[in-house]
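The block underneath contains the structure these notes are about, expressed in structure tokens.
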Amino acid sequence: MKTTPFTEKHIALGAKMCEFAGYNMPIEYSGIIDEHQTVCNAIGVFDVSHMGEFWVKGPHALAFLQKITSNNVAVLAPGKVQYTCFPNETGGIVDDLLVYQYESEKYLLVVNAANIEKDWNWCVSHNAEGAELENASDRMAQLAIQGPKAILALQKLTSINLSDIPYYTFTHGEFAGVKDVIISNTGYTGAGGFELYFYPEDAMQIWNAVFEAGTEYGIKPVGLGARDTLRLEMGFCLYGNDLDDTTSPIEAGLGWITKFVEGKDFINRPMLEKQKAEGTTRKLIGFEMIDRGIPRHGYALLNQGGEQIGTVTSGTMSPIRKIGIGMGYVKPEYSKIGTEICLDMRGRKLKAIVVKPPFRK
């Protein structure tokens with residue numbers, strides 16, 4: 001298995017370790033519920049150094065990105081971040097990702113860890129524009145410091161006014177005595193906070209400084225288990241569960257990152273444009289359990305008559321709400337908010353209701 005610059009630290013702290021996307025990653029430390037609540041109420045630190053980073057540079061960078069991504073990259077300016085996806089030629093999604101505009105002709109793509117090789121090959125094979133591509137995944141480490149008190153701890157470590165970095169924007173500068181750290185007001189938890197990008201050799205200096213600064217605020221390390229429950233409470237999609245090569249952004253409710261603007265002829269635009277106009281045969285919904293039970297990936301979703309209408313893609317027991325919550329694809333006629341559906345839980349038919357995420361307000 002691959003390691004991150006923090007792997008030995010996780011093991012020393014007693015984390016429960018597991019293989020994820022080829023990396024030896026911490027799943028939990030003090031327990032998923034405790035870590036989840038720490039992020040919602042205080043400050044938690046995630047090692048996300050397994051994520052992939054690609055630089056796209058040069059005079060042809062914008063044209064390349066406009067073709068290969070669904071969102072309108074032309075609206076970005078230096079310091080702005082955009083959520084988007086790589087559409088494939090058959091109506092599905094290669095991956096969902098973030099695009100950072102670093103300079104006028106320099107962009108950073110942040111892709112999912114499990115898809116680094118797949119995404120890199122996709123970019124290289126579709127680079128007819130001649131953009132300069134660099135896979136920097138092995139030369140970048142990343143921490144996500146999330147929670148309402150994150151800004152209080154991190155502000156101790158930089159002269160940059162973190163309050164001047166709005167959501168989905170970033171800057172770069174000195175942090176914890178380390179130069180050229182990217183400080184991004186982004187995250188996958190819905191609890192606020194920042195993501196830091198830096199060279200692997202500076203990893204432990206930054207880790208130690210962050211934990212020292214956050215001690216008075218109850219800072220804790222957090223594993224991938226709570227990362228999943230946090231993102232699901234917010235209704236954020238997870239690639240491999242809610243998104244994949246067969247799910248279109250229109251089906252997944254990602255029409256807001258699929259921009260059919262003039263001059264943007266992105267991959268498979270005609271098919272997605274047709275779906276936008278005519279509708280799809282399934283839609284991604286959020287649902288809450290009425291009966292007691294925990295939905296899991298792969299469970300069948302049923303109508304009141306017991307007919308299968310879809311499948312659960314993500315599910316858990318909400319650590320905040322203390323009820324079962326989930327997402328899944330269903331036939332469009334069952335996607336209206338307030339519709340009662342059922343979950344087939346190993347032969348038991350349990351009631352649920354369609355709701356609009358986030359599940360945690």
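Restricting attention to the stretch 239-258, does a residue exist that is more than 22 Å from the chain's Cα centre (by Cα), of a type outside the set (V, I, T) and within 20 Å of V73 (Cβ to Cβ)? No, every residue in the stretch 239-258 fails to be more than 22 Å from the chain's Cα centre (by Cα), of a type outside the set (V, I, T) and within 20 Å of V73 (Cβ to Cβ). Screening I43 with (1) closer than 23 Å to A113 by Cα; (2) crowded, with 24+ Cβ neighbours inside 10 Å gives one miss only, at (1).
How many residues does the stretch 171-224 contain that are under 30 Å from K106 (Cβ atoms), of a type outside the set (V, I, T) and in a strand (DSSP E or B)? Of the residues in the stretch 171-224, 13 are under 30 Å from K106 (Cβ atoms), of a type outside the set (V, I, T) and in a strand (DSSP E or B).
Tell me, please, whether a residue that is more than 20 Å from D138 (Cα to Cα), out of contact with any Asp or Glu (no Cβ under 8 Å at 6 or more places or on another chain) and in the same structural domain as G92 (by TED's automatic domain parsing) can be found in the stretch 49-65. Yes: the stretch 49-65 contains one or more residues that are more than 20 Å from D138 (Cα to Cα), out of contact with any Asp or Glu (no Cβ under 8 Å at 6 or more places or on another chain) and in the same structural domain as G92 (by TED's automatic domain parsing).
It is to be established whether one or more residues within the stretch 321-333 are without any contact (Cβ under 8 Å) to a residue 40 or more places away in the chain, closer than 28 Å to G192 by Cα and not in a loop (DSSP other than H, G, I, E, B). Checked against the condition, which is being without any contact (Cβ under 8 Å) to a residue 40 or more places away in the chain, closer than 28 Å to G192 by Cα and not in a loop (DSSP other than H, G, I, E, B), the stretch 321-333 yields at least one hit. Within the set G253, G218, G177, G192, the sole residue that is free of Cβ contacts under 8 Å to residues at least 60 places away in the same chain, out of contact with any Leu (no Cβ under 9 Å at 6 or more places or on another chain) and over 23 Å from K2 (Cα atoms) turns out to be G192. Select from the stretch 141-158 the residues that are assigned to a strand (DSSP E or B) and polar (S, T, N, Q) and list them in ascending order. Across the stretch 141-158, the qualifying residues are Q142, Q146.
When every residue of the stretch 309-318 is checked against the conditions, at least one turns out to be outside the structural domain of D95 (by TED's automatic domain parsing), of a type outside the set (S, T, N, Q) and over 23 Å from the mean Cα position of the chain (by Cα). Within the stretch 307-346, the set of residues being under 14 Å from P295 (Cα atoms) and among the aliphatic types (A, V, I, L, M) comprises V312, M317, I323, I325, M327, I341, L343, M345.
Filtered by the rule that a residue be farther than 12 Å from T90 by Cα and not in a strand (DSSP E or B), the stretch 236-248 gives F236, C237, L238, G240, N241, D242. Regarding T311, is this residue in a strand (DSSP E or B) and free of Cβ contacts under 8 Å to residues at least 24 places away in the same chain? Considered against the rule, which asks whether it is in a strand (DSSP E or B) and free of Cβ contacts under 8 Å to residues at least 24 places away in the same chain, T311 comes out as yes.
When the stretch 282-306 is limited to residues that are assigned to a loop (DSSP other than H, G, I, E, B) and in contact with an Asp or Glu (Cβ under 8 Å, 6 or more places away or on another chain), the one that is surrounded by the most Cβ atoms within 10 Å (Cβ to Cβ) turns out to be Y299. Taking the criterion of being of a type in the set (A, V, I, L, M, F, W, C), farther than 30 Å from R321 by Cα and either buried (at least 16 other Cβ atoms within 10 Å of the Cβ) or free of Cβ contacts under 8 Å to residues at least 24 places away in the same chain (or both), the residues of the stretch 256-281 that qualify are F260, F266, I267, L272, A277.
Of the helices (runs of 4 or more DSSP H) entirely within the stretch 1-115, those holding at least 2 residues that are on the phi < 0 side of the Ramachandran plot and of a type in the set (G, A, S) occupy 61-68.
If we scan the stretch 88-107, do we find a residue that is more than 19 Å from the chain's Cα centre (by Cα) and closer than 16 Å to E195 by Cβ? Looking through the stretch 88-107, at least one residue is more than 19 Å from the chain's Cα centre (by Cα) and closer than 16 Å to E195 by Cβ.
Per-residue answers, yes or no, for (1) surrounded by fewer than 21 Cβ atoms within 10 Å (Cβ to Cβ); (2) aliphatic (A, V, I, L, M):
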| position | (1), (2) |
| --- | --- |
| D180 | yes, no |
| M204 | yes, yes |
| P221 | no, no |
| G225 | yes, no |
| R231 | yes, no |
| F236 | yes, no |
| Y239 | yes, no |
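The values are calculated or read from the model by the stated rules, or taken from the named source; none is laboratory data. Just so it is clear, the model here is predicted, and its values are computed rather than measured. No Cβ is skipped: glycine too gets one built from the backbone with ideal geometry, and neighbour counts run over all protein chains shown.
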